[in-house]
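A short worksheet on the structure shown next.
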Amino acid sequence: MGEKKQQNFKKFKIRLWVVFLAGVFSVSLIFLLASLGFFGALPTFEELENPEKNLATEVISSDGVTLGKYAFKNRTPVGYSDLSDPLVKALIATEDERFYDHSGIDFRGTARAIVKLGKGGGASTITQQLAKNLFTKRASSNTFKRLTQKVKEWIVAIKLERQYTKNEIIAMYLNTQEFLFNAIGIRSAARIYFGKEPKDLDIQESAILVAMLKNPRQYNPNREISKGKSLMRRNVVFAQMAKNEFITQDEKDSLQQLPLRINFTPESHNDGLATYFREHLRKVMKDWVKKNPKPNGELYNINRDGLKIYVTLDSRIQQYAQEAVQEHLSNLQDYFFKEQSENETAPFYDLEEEQVEMIYNRAVKNSDRYKRMKKSNYSQREIDSAFEAKTEMKVFSWNNGKKEIDTILSPNDSIKYYKTFLRSGLLSIEPQTGHIKAWVGGINHKYFKYDHVEQGRRQVGSTFKPFVYATAINQLRMSPCEKLFNTPYTIPKGKYGIPEAWTPKNSGDRYGGELSLKDALAKSINVISARLIDMVTPVNVVRLAKSAGIKSRIPQAPSIALGSVELSLMEMTGAYATFANKGLRVEPNILMRIEDKNGTVLADFTPNTKEVMSEESAYVVLELLKGVTTAGSGVRLRTSEHYYKDIITGFPYQFTNPIAGKTGTTQNHTDGWFMGVVPNLATGVWTGGEDRAVHFENIAEGQGATMSLPTWALFMKKVYADPTLNISQEDFEKPEEVGIDVDCSTEIDDKDNSKIKIKKIVEDDTDF
């Protein structure tokens, strides 16, 4: 009996060894076949060397902040040194406890998974998961195919371990993970969910992101349906960290009591900083890649080649600019809504019913919905019906922190709704370099795509008058103290080719006596501007304006003296910057350099410069413009009392430093402008409706000093409050030799500006 047992046991051992060796042989054979490409091609050595593809192109500000990205997939890789210590520990504790002890495959974990049928935890190492992310693409639902994929992942994992260090593998793994909401890779995830860089993630933030690795949708902290599961999974991460002695049990218990906390900051072309600027930059880069191919002749793709575009914008100045526009426009809009409640043709004035209908019809035909339906061959009746049908939609609103509300409107009603919103643009330039530091093209890029910095051209009103004065100073060496008659002035028919005699009027038909050029510009006196342009001729004014960087057509007609010309905010701000740069124009620019994904500089950018006027003339013009803010239409920058202080957001401002500025208001107060210049920052602001018939009923609310000056003031208060920006509060530098007399103080100049009370009916800013 004992002998028989021995024989049976011997047979059992033989069978066991046969099974074992057969298993080893089978696994070895599968590995061999997989390595030979029997189950499909394995990645090449070159692919292992360069596994990162479809890298996002970054737009980086002058102060080193990523403003946005262009990408098919929003992924920007980081190195191991860019990861926080809590993040690495949370990852290893949760995903691969023996990461530093294996060579790509954890055989102990694999055996445990087989024995326990996966209930004791997964068997995939971080390296295997990396291999899957990089080269499997999509896991097959077919058992046999998935098995072969697994084998290939094992082989790739071993190759990766031979090719890269453990730290490099951790970084690569986190760079390839997807976290939803356009967050691909750990850097995008850290920025989108917490507004941080990966190196700045604390232990709780790290645990939340590591928790998402199991299933980013199921454990997502930003989805209401998954927040509870996200919290539970985060606490599992803390438990794993305690188990692996990265934290103590007491720390674990304390951390698990914390509520789920994120700072969700989506990254898209409609969100974040400089949205209008980024859209403009995309067009610039599209042109650049055509002219600058790769050495092999291929064109760069900004959505996948991982370029780094270093731009002139300063993220801090940009933030302050966006805040200023939002603060003032949200307040101004309230007043406009209240006024329109009593307007029978709201939001339009001065139009007949047929004209209003034409505007709406044109807006319908320009809408994306109409174009799509027309392209799909819908009949006009079907289109009209669709535009009348009420539907659920999100619309823009200043009354919501998210700047949008849910409502039910027909497409026709939504078009009418959006017509009631005032629009605005702001551009800020460093005169000495031409660097654009802030670009706000509108109030919300998601709902209002039109860029009022670069695309829009509107009548500029009295903001054009300084070019007339500058021509007189530069050409005739006229002094700000020189006086001209404040009496009606006519330029006869035929002169300069005009078809009729031209006799401009002053606001309120107020005339009499003589006024110095300084007082005339401060009060925006039209007849003085007419006398000056007749003295220097329109052609010379146009020549100077063009030399200062204005590219739009300017008619050589005397009426340009009052700002009848239509120009962009880009053109106007760039031209005003010339005055602050001693008469030297530096072409406004947005690009500093472009690098490839490896940091190789592909292009450096140097702006063009041009002398427009003498340093002396530029200084004299600035002295004139300073008078606007001490005794003219810009004096509310310094005053403390005002009848309309509620609509003038943030009033009083009480600036005391020298400011060269000019307001502008066009006919029917359709457009409100303010151009403000300090020694190292020139900033222009425009405000108005999309349509020219959309405006305030009265000049008090519709003038440039009410519509745009407050935005400028709020912006400058913010930049001055930030000492890291070094925005000057000093006077403009005086040339060594100034032969033109600028010392022409008037009685009003000598008064204490802070005590001036602006009249209820503003009389010095009707600039048409």
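The values are calculated or read from the model by the stated rules, or taken from the named source; none is laboratory data. What you are looking at is a predicted structure, and each value in this text was computed from that prediction instead of being measured. All Cβ positions, glycine included, derive from the backbone under ideal geometry; neighbour counts span all protein chains shown.
Summary table
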| quantity | calculated |
| --- | --- |
| Residue count for region 244-263, restricted to those that are surrounded by 12 or more Cβ atoms within 10 Å (Cβ to Cβ) and within 30 Å of L67 (Cβ to Cβ) | 2 |
| Positions within region 412-436 being under 25 Å from T706 (Cβ atoms), of a type outside the set (V, I, T) and not in a helix (DSSP H, G or I), in sequence order | F421, L422, R423, S424, G425, L426, L427, S428 |
| Residue tally, condition more than 19 Å from V527 (Cβ to Cβ) and of a type in the set (F, W, Y), over region 433-472 | 4 |
| Region 486-536, subset over 46 Å from the mean Cα position of the chain (by Cα) and β-branched (V, I, T), residue surrounded by the most Cβ atoms within 10 Å (Cβ to Cβ) | I491 |
| Subset of region 479-489 [over 14 Å from A618 (Cβ atoms) and either of a type in the set (S, T, N, Q) or in contact (Cβ under 8 Å) with a residue 40 or more places away in the chain (or both)] | S479, C481, L484, F485, N486, T487, Y489 |
| The one condition in (1) surrounded by fewer than 17 Cβ atoms within 10 Å (Cβ to Cβ); (2) within 25 Å of the chain's Cα centre (by Cα); (3) not in a strand (DSSP E or B) that I405 fails to fulfil | (3) |
| Every pair of residues 6+ apart whose Cβ atoms lie under 7 Å, when the first sits in region 723-744 and is part of a helix (DSSP H, G or I) while the second is surrounded by 10 or more Cβ atoms within 10 Å (Cβ to Cβ) | L725/R316; L725/I317; L725/V719 |
| Cβ-Cβ under 7 Å pairs, at least 6 apart or on other chains, region 687-706 side over 16 Å from V635 (Cβ atoms), far side acidic (D, E) and part of a loop (DSSP other than H, G, I, E, B) | A693/D350 |
| Qualifying helices (runs of 4 or more DSSP H) (wholly inside region 141-240; at least 2 residues being of a type outside the set (D, E), at pLDDT 90 or above and out of contact with any Gly (no Cβ under 9 Å at 6 or more places or on another chain)) | 166-176, 186-194, 203-212 |
| Residues of region 229-250 satisfying the condition of being of a type in the set (K, R) and without any contact (Cβ under 8 Å) to a residue 24 or more places away in the chain | K229, R233 |
| Verdict on L67 being modelled with pLDDT of 90 or more, surrounded by 20 or more Cβ atoms within 10 Å (Cβ to Cβ) and of a type in the set (A, V, I, L, M) | yes |
| Residues being under 21 Å from T687 (Cα atoms) and in contact (Cβ under 8 Å) with a residue 60 or more places away in the chain - total across region 562-604 | 15 |
| Of the criteria (1) on the phi < 0 side of the Ramachandran plot; (2) in contact (Cβ under 8 Å) with a residue 40 or more places away in the chain, which one K290 fails | (2) |
| Complete set of residues in region 289-332 that are of a type in the set (S, T, N, Q) and in a helix (DSSP H, G or I) | S315, Q318, Q319, Q322, Q326, S330, N331 |
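Conditions (1) closer than 30 Å to G574 by Cα; (2) among the β-branched types (V, I, T); (3) touching a helix residue (DSSP H, G or I) at 6+ places or on another chain (Cβ under 8 Å), marked per residue:
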{"position": "A386", "(1), (2), (3)": "no, no, yes"}
{"position": "S414", "(1), (2), (3)": "no, no, no"}
{"position": "Y417", "(1), (2), (3)": "no, no, no"}
{"position": "P431", "(1), (2), (3)": "yes, no, yes"}
{"position": "K437", "(1), (2), (3)": "yes, no, yes"}
{"position": "Y447", "(1), (2), (3)": "yes, no, yes"}
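Condition check ((1) at positive phi; (2) in the same structural domain as K626 (by TED's automatic domain parsing); (3) among the aliphatic types (A, V, I, L, M)) across all residues:
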{"residue": "S376", "(1), (2), (3)": "no, no, no"}
{"residue": "G401", "(1), (2), (3)": "no, no, no"}
{"residue": "P411", "(1), (2), (3)": "no, no, no"}
{"residue": "E430", "(1), (2), (3)": "no, yes, no"}
{"residue": "D451", "(1), (2), (3)": "no, yes, no"}
{"residue": "G461", "(1), (2), (3)": "yes, yes, no"}
{"residue": "P466", "(1), (2), (3)": "no, yes, no"}
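Let's see how each residue does on (1) under 28 Å from the mean Cα position of the chain (by Cα); (2) among the aliphatic types (A, V, I, L, M); (3) under 30 Å from V78 (Cα atoms):
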{"site": "M572", "(1), (2), (3)": "yes, yes, no"}
{"site": "I590", "(1), (2), (3)": "yes, yes, yes"}
{"site": "T600", "(1), (2), (3)": "yes, no, yes"}
{"site": "S614", "(1), (2), (3)": "no, no, no"}
{"site": "V621", "(1), (2), (3)": "no, yes, no"}
